[in-house]
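Enquirer: Shown below is the structure under consideration.
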Amino acid sequence: MVSAASACADPEEDSSDGPVGVALIIKTETNPFFVAIQRGAQERANELGFDLTVTAGREDGDVDSQITAVDASIERGDKAILITPSGRGVDGALERAREAGVFVVALDTKPVDPDAADITFATDNFEAGRLIGAWSAAKMAGRPAVIAMLDLFGNRGVESDSGRNQGFLTGMGIPVADPEFKGDEAPSGDYAGGTYRVACRESTLGAEEGGRTAMDRCLAGNPDINLVYTINEPAASGAIEVLQRAGNSATVVSVDGGCDPGMSLVATGAIGATAQQYPLEMAIEGVDAVAAYLDDGTRPLPNHGIDMVATGVALVTDDPQPGVPSIDVTTGLERCWGAPA
């Protein structure tokens, strides 16, 4: 366990010349969400005079690349690390960084071990899932729900993956045993208003190709699927392509709220509803937290639990359902991210 004393570097001890080194370690450079985090962090770092080194994994879940990037940051003498953790395996490297006096900020996904980061700036992933689940239950209106669960990973413990999954089921009115661990719901039973059956659970790596492959596998054995939960909009985009090719008009819900493909897919109805999150806020608030800490030791005040700052979430749909707060696509476009520069 990292003690409070060892986790804190004295910001007044840095007498080196030149800009302060800060590392940004993101999951991939292909997902628009993480591209938005990179853009927001880079712009803010430039404003504050930080020397930002950016590293990305080959794909979501590439823990080894993240460990290598953390160790390189420690070796460079960076004062802070901002990271979107890809899984439990990176926690040990982050603890080493904190022990070396590096200020560690997690973005988007909380580390499994709370001692692995000083603070997390992220979406309340359970609430994001709950919103699309509540909308789905109202949309199904008592009809039997045959559900495809297109997750990020299989059994790997990643908070954004389990939180959205379990939040969705909870919003549907489907009991879960533990909101932090997915796959513990009954395979069939009652949701809020009708009966359900979980037809398949597939991993997508949060990518379009993964969404296509997962949806193909699901439909092969379950052509009657009529509700598809997706971990994010790239995965949803791939799943929608397969559904349309099969002539299946299943309702698709997702999380992200990016300008493209997110808002365009919601506008056409291909995605019925999505939970919009705000990566630029995560990035900017994360870099500002680094600046405040290095200036005088000020630490961010959590507003969600004891170690996280929630950066907001809103359900976006042009098909609002009773009792489920939402904004329309026009408003979602005003708030979205990922548009071409």
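Enquirer: Farther than 30 Å from Gly18 by Cβ, touching an Asp or Glu at 6+ places or on another chain (Cβ under 9 Å) and small (Gly, Ala, Ser): is that true of Ala93 in this structure? Write out each step before concluding.
Expert: On the way: farther than 30 Å from Gly18 by Cβ: no; touching an Asp or Glu at 6+ places or on another chain (Cβ under 9 Å): yes; small (Gly, Ala, Ser): yes.
Considered against the rule, which asks whether it is farther than 30 Å from Gly18 by Cβ, touching an Asp or Glu at 6+ places or on another chain (Cβ under 9 Å) and small (Gly, Ala, Ser), Ala93 comes out as no.
Enquirer: Filter segment 101-160 down to residues that are outside any helix (DSSP H, G or I), modelled with pLDDT under 95 and open to solvent by 30 Å² or more (accessible area, probe 1.4 Å) and give me whichever is farthest from Arg201 (Cα to Cα).
Expert: Asp113
Enquirer: For segment 209-237, which positions are of a type outside the set (A, V, I, L, M) and surrounded by fewer than 22 Cβ atoms within 10 Å (Cβ to Cβ)?
Expert: Glu209, Arg212, Thr213, Asp216, Arg217, Gly221, Asn222, Pro223, Asp224, Asn226
Enquirer: If I filter segment 74-93 for residues that are part of a loop (DSSP other than H, G, I, E, B), modelled with pLDDT under 95 and over 17 Å from Pro279 (Cβ atoms), do I get at least one hit?
Expert: Yes, that holds for at least one residue.
Enquirer: Another one. Just name the residue that is surrounded by the most Cβ atoms within 10 Å (Cβ to Cβ) out of those in segment 314-341 that are of a type in the set (D, E, K, R) and over 30 Å from Asp118 (Cβ atoms).
Expert: That would be Asp318.
Enquirer: Tell me, please, whether a residue that is closer than 28 Å to Asp161 by Cβ, at pLDDT 90 or above, within 16 Å of the chain's Cα centre (by Cα) and surrounded by 16 or more Cβ atoms within 10 Å (Cβ to Cβ) can be found in segment 5-23. Spell out the reasoning first.
Expert: Let us first name the residues in segment 5-23 that are closer than 28 Å to Asp161 by Cβ, namely 7, 22-23.
Next cut, at pLDDT 90 or above only: 22-23.
The next check asks that each one be within 16 Å of the chain's Cα centre (by Cα); those that pass are none.
No: segment 5-23 contains no residue that is closer than 28 Å to Asp161 by Cβ, at pLDDT 90 or above, within 16 Å of the chain's Cα centre (by Cα) and surrounded by 16 or more Cβ atoms within 10 Å (Cβ to Cβ).
Enquirer: Also, quick follow-up: Residues in segment 62-80: is at least one hydroxyl-bearing (Ser, Thr, Tyr) and within 18 Å of Asp118 (Cβ to Cβ)?
Expert: Within segment 62-80 (the criterion being hydroxyl-bearing (Ser, Thr, Tyr) and within 18 Å of Asp118 (Cβ to Cβ)), the answer is yes, since at least one residue qualifies.
Enquirer: Right, something else. Identify the residue in segment 71-90 that is within 20 Å of the chain's Cα centre (by Cα) and β-branched (Val, Ile, Thr) and, among all such residues, is farthest from Leu152 (Cα to Cα).
Expert: Across segment 71-90, the extreme among qualifying residues is Ile81.
Enquirer: Return yes or no: is Arg76 basic (Lys, Arg), more than 17 Å from Val20 (Cα to Cα) and surrounded by fewer than 17 Cβ atoms within 10 Å (Cβ to Cβ)?
Expert: It is false that Arg76 is basic (Lys, Arg), more than 17 Å from Val20 (Cα to Cα) and surrounded by fewer than 17 Cβ atoms within 10 Å (Cβ to Cβ).
Enquirer: Can you find, within segment 180-198, the residue that is modelled with the highest pLDDT among those that are in contact with an Asp or Glu (Cβ under 8 Å, 6 or more places away or on another chain) and of a type outside the set (Val, Ile, Thr)?
Expert: Tyr196
Enquirer: Still on this structure, please answer the following. Suppose we keep only residues that are surrounded by fewer than 20 Cβ atoms within 10 Å (Cβ to Cβ) and of a type in the set (Lys, Arg) within segment 161-208. Which one would you say is nearest to Leu227 (Cα to Cα)?
Expert: So, considering only residues that are surrounded by fewer than 20 Cβ atoms within 10 Å (Cβ to Cβ) and of a type in the set (Lys, Arg), the one nearest to Leu227 (Cα to Cα) is Arg197.
Enquirer: Within segment 307-341, track down each residue that is part of a loop (DSSP other than H, G, I, E, B) and polar (S, T, N, Q).
Expert: Passing the criteria: Thr311, Thr317, Gln321, Ser326.
Enquirer: Can you name every residue in segment 27-62 that is crowded, with 18+ Cβ neighbours inside 10 Å, part of a helix (DSSP H, G or I) and under 17 Å from the mean Cα position of the chain (by Cα)?
Expert: Once the filter is applied, which keeps residues that are crowded, with 18+ Cβ neighbours inside 10 Å, part of a helix (DSSP H, G or I) and under 17 Å from the mean Cα position of the chain (by Cα), segment 27-62 yields Pro32, Phe33, Phe34, Val35, Ala36, Ile37, Gln38, Gly40, Ala41.
Enquirer: So, one more: Which condition number does Gly89 fail, the rest of (1) surrounded by 24 or more Cβ atoms within 10 Å (Cβ to Cβ); (2) outside the structural domain of Leu227 (by the TED database) being met?
Expert: Every condition holds for Gly89 apart from (1).
Enquirer: Next question, about the same structure. List the helices (runs of 4 or more DSSP H) inside segment 233-306, counting only whole elements, that have at least 2 residues being assigned by the TED database to the domain that holds Gln166 and over 21 Å from Asp328 (Cα atoms).
Expert: In segment 233-306, 233-246 are the helices (runs of 4 or more DSSP H) which contain 2 or more residues that are assigned by the TED database to the domain that holds Gln166 and over 21 Å from Asp328 (Cα atoms).
Enquirer: Specify which of the listed residues (Thr274, Thr311) is open to solvent by less than 30 Å² (accessible area, probe 1.4 Å), farther than 26 Å from Gly21 by Cα and not small (Gly, Ala, Ser).
Expert: Thr274
The values are calculated or read from the model by the stated rules, or taken from the named source; none is laboratory data. Computed from a prediction, not measured in an experiment: that's the story for all the values here. Note: ideal-geometry Cβ built from the backbone for every residue, glycine included; neighbour counts use all protein chains shown. Ligands, DNA and RNA are excluded from the accessible area calculation, which covers all protein heavy atoms including side chains. Shrake-Rupley method; radii C 1.70, N 1.55, O 1.52, S 1.80 Å.
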